[in-house]
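Asker: Here you go, one structure.
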Amino acid sequence: MIKAALSLLLVLMAVCATTGKYVPKTGRRVPQTLSRGWGDQLIWAQTYEEALYWSRSRNKPLMVLFHLEDCPHSQALKKVFAEDNELQKVLDEDFVVINLMYETTDKHLSPDGQYVPRIIFVDPAMTVRADIVGRYANRMYAYEPTDVKLLISNMQKAKKLLKSEL
């Protein structure tokens, strides 16, 4: 009887061990891209420091996008953001991009508070462009899905300021 119980226990342990999470046949998992769904064809910086370095060395403005995965406003903006070809093209050709789900130690990136989604522009001289704002007085750097044209206009403004000031 003890042998039967031990055999049953071993069978149960073997079944439990094989019913875990799915692992591809190759044994490797596909890494999550840094885009987090905001534009898979774009090259995203991994850290804020890396983004600043790329911005300075490539002489391109930096667009910092703050968001949260479980925020409905972030999710709505992400859908429109990723599907807009003009926006993606301008970002790919003329900007360094990073999306962050956490706040940085640079307090200049939250001039009017810490909320999401929030988009801030930084020039290659590492100056936060607090003068490039959205349409809301109480959340100056917030954009909604209907604000994509304004965002593209602000991106053009960031490029023009770069050329005129440097």
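Asker: Separation between the T146 and N59 pseudo-spin-labels, each 7 Å from Cα along Cα→Cβ, expressed in nm?
Answerer: 4.1 nm
Asker: Spin-label point model (7 Å from Cα, Cβ direction): what's the E49 to K79 distance in nm?
Answerer: Reported label-point gap for E49 and K79 is 3.8 nm.
Asker: Okay, next question. Please give the net charge around Q41, taking every other residue with its beta carbon less than 11 angstrom from that of Q41, where Lys and Arg add +1 and Asp and Glu add -1.
Answerer: Taking every Cβ under 11 Å from that of Q41, the sum is -1.
Asker: Normalise the Cα radius of gyration of the stretch 98-145 by 2.2 N^0.38 Å (N = residues in it) and let me know the number.
Answerer: 1.09
Asker: From the Cα gyration tensor of the stretch 41-122, with a ≥ b ≥ c the square roots of its eigenvalues, which class applies: rounded if a/c is under 1.5, or else prolate if a/b is larger than b/c, or else oblate?
Answerer: Because a/c hits 1.5 or more and a/b fails to exceed b/c, the stretch 41-122 counts as oblate.
Asker: On to the next question. Report the Cα centroid-to-centroid distance between the stretch 141-156 and the stretch 73-106 in angstrom, as an integer.
Answerer: When both Cα centres are located, 11 Å separates them.
Taken together, the values in this text are just the output of simple stated rules run on the coordinates, not laboratory data. The model shown is predicted, which means the values in this text are computed figures rather than measured ones. In this analysis, Cβ positions are derived from the backbone assuming ideal geometry, glycine residues included, and neighbour counts consider all displayed protein chains.
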